[in-house]
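The values are calculated or read from the model by the stated rules, or taken from the named source; none is laboratory data. In this text the structure is predicted, and so the values were computed from the model without any measurement. Here Cβ is always computed from backbone atoms with ideal geometry, including for glycine, and neighbour counts include all displayed protein chains. The accessibility values were calculated without ligands, DNA or RNA, using every heavy atom of the protein model including side chains. Shrake-Rupley method; radii C 1.70, N 1.55, O 1.52, S 1.80 Å.
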Amino acid sequence: MLNPDLTVIWAFIIAFAVFAYVVMDGFDLGIGILFPVFGVGAERDTAMNSIAPVWDGNETWLVLGGGGLMAAFPLAYAIILPALYPPIVAMLLALVFRGVAFEFRWRDPGHRAIWDLAFTGGSLMAAFAQGITLGAILQGIAVADRQYAGGWLDWLTPFTLLTGAGTVIAYALLGATWLIWRTEGSLQDHAWRLAWRLGPATLAAIVAVSLATPFLESSYWQRWFTMPNVLFSAQVPLLVAIACILFFRALKLRHEIAPFLLTLFIFLLCFAGLGISMFPYVVPGAVTIWDAAAPERSQAFMLVGAGIMVPIILAYTGFSYWVFRGKVGHEGYH
């Protein structure tokens, strides 16, 4: 027996974990993507020190999202993973590689240029793979007899390349706004200039993906452009437009925290748009969250653990950011 309320709760928990990962690891990956444009020496060291105390805890949410999907929605996990093995494996290897590069650039200064390149490459590949994974799920996965029925490269399409590139650009913007908030001096000025360039590029990517998405599935078109759905869904692009205006105004007025928070808000609106398009499907057009759900007893048992651990993770994460608040310099964590 399935409890619809439990299933929706678990869908929300997994969605929250994914969004938390995007928020917390997004600026981390963004700094890695931007790393080559920073000056060798103090600028790069300061950028690295701004994320050094917190970067290795961000993947916690990725583990929660992936593990939660496997435990709470095993059918969806069994379909999505075989369909997306190449980009997911590429993402995981990139995260491992950038983690090694992060530590070794401090421990092996004689080869720091190589480790900086590895850090950038791992960040870029991880971000691009995440965008491709999102695009592949959104465009749909071939399913027959409750299992993946597509080919090895079905995930590779012009749309997924667009979402991959858009994710890289958006993460880079998040990294730039993080540095505006957490640094000062020449690096902060550099981050201001980057934000002015990356802001319009991110907006262009959002518009491009938004225009392409309704043509992927007829259900997407109905949810966004038919009455009365449009009365609700139209609020999302309206809020995105308002947030973008406020973002550029904050850049013009040289606010330090507002650009980062507004970028996060834009990410949240994009995530809401994704939910409008897909819900209640976990595999669009094929498998709903109720079709994929684990038995009620399993969901209830896991919910007890999640109810204990998620608040602890949130408290620990919040405490970490509080302890390491304020501006950073090129000397510090390491």
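Please work out how much length the chain gains when fully extended from residue 254 to residue 113, using 0.36 nm per residue of separation minus the C-alpha to C-alpha distance, in nm with one decimal. If you can, show how the numbers build up before the last one.
On the way: separation 141, 0.36 × 141 = 50.76 nm, distance 3.23 nm.
Taking residue 254 through residue 113 to full extension adds about 47.5 nm, to one decimal.
Give the distance, in whole Å, between the Cα centre of region 70-111 and the Cα centre of region 20-36.
14
For the chain, what does the relative contact order come out to in percent, with C-alpha contacts under 8 Å and a separation of six or more?
The normalised contact order for the chain reaches 27 percent.
Taking only Cα atoms, what is the 0 to 90° angle, nearest 10, from helix 235-252's long axis to the longest principal axis of the chain?
Taking Cα atoms only, the helix is inclined about 0 degrees.
Could the peptides 122-129, 20-27, 233-240 be put in order, highest first, of the mean number of other beta-carbon atoms found within 10 Å of their residues?
122-129, 20-27, 233-240
What is the angle, in °, between the Cα long axis of helix 59-72 and the longest principal axis of the Cα atoms in the chain? Nearest 10 is fine, range 0 to 90.
Relative to the chain, helix 59-72 is tipped by roughly 10 degrees.
Kindly provide the helix-only [θ] at 222 nm of the chain, computed as the sum of -39,500 (n - 2.57) over DSSP H runs of four or more divided by all residues, to the nearest 500 deg cm²/dmol?
Mean residue ellipticity, 222 nm, calculated: -25500 deg cm²/dmol.
Counting only protein heavy atoms and using a 1.4 Å probe, what share of the accessible area of region 149-253 belongs to carbon plus sulfur, as a whole percent? Walk me through the numbers before you get to the answer.
On the way: 3780 of 5280 Å².
That fraction is 72 percent.
For region 211-334, rounded, prolate or oblate, judged on the Cα gyration tensor with a ≥ b ≥ c (square roots of eigenvalues), a/c < 1.5 rounded, else prolate if a/b > b/c?
Details: a/c = 3.08, a/b = 1.19, b/c = 2.58.
Because a/c hits 1.5 or more and a/b fails to exceed b/c, region 211-334 counts as oblate.
Once amide H atoms are placed 1.01 Å from N in the peptide plane, what residues at a sequence separation of 5 or more from residue 149, or on another chain, have their amide H within under 5 Å of its amide H?
For residue 149, whose amide H was placed from the backbone, the distant partners under 5 Å are 142, 143, 144.
In Å², what does the accessible area per residue of region 16-94 work out to with a 1.4 Å probe?
Spelled out: the 1.4 Å probe surface of region 16-94, per residue, equals 30 Å².
What list of ³J(HN,Hα) values in whole Hz, one per residue of region 27-35 in order, does the Karplus curve 6.51 cos²θ - 1.76 cosθ + 1.60 (θ = phi - 60°) give from phi, with Gly and Pro shown as x?
5, 4, 5, x, 5, x, 5, 7, 3
Let me know the shape class of the chain, please: from the alpha-carbon gyration tensor, a ≥ b ≥ c as square roots of the eigenvalues, rounded when a/c is under 1.5, otherwise prolate if a/b is greater than b/c, or oblate.
Judged from the Cα gyration tensor, the chain comes out prolate (a/c at least 1.5, a/b above b/c).
Would you please give the residues with an amide H less than 5 Å from that of residue 288, counting only those at least 5 places away or on a separate chain, with H modeled from the backbone geometry?
Those lying under 5 Å, H to H, from residue 288 are 282.
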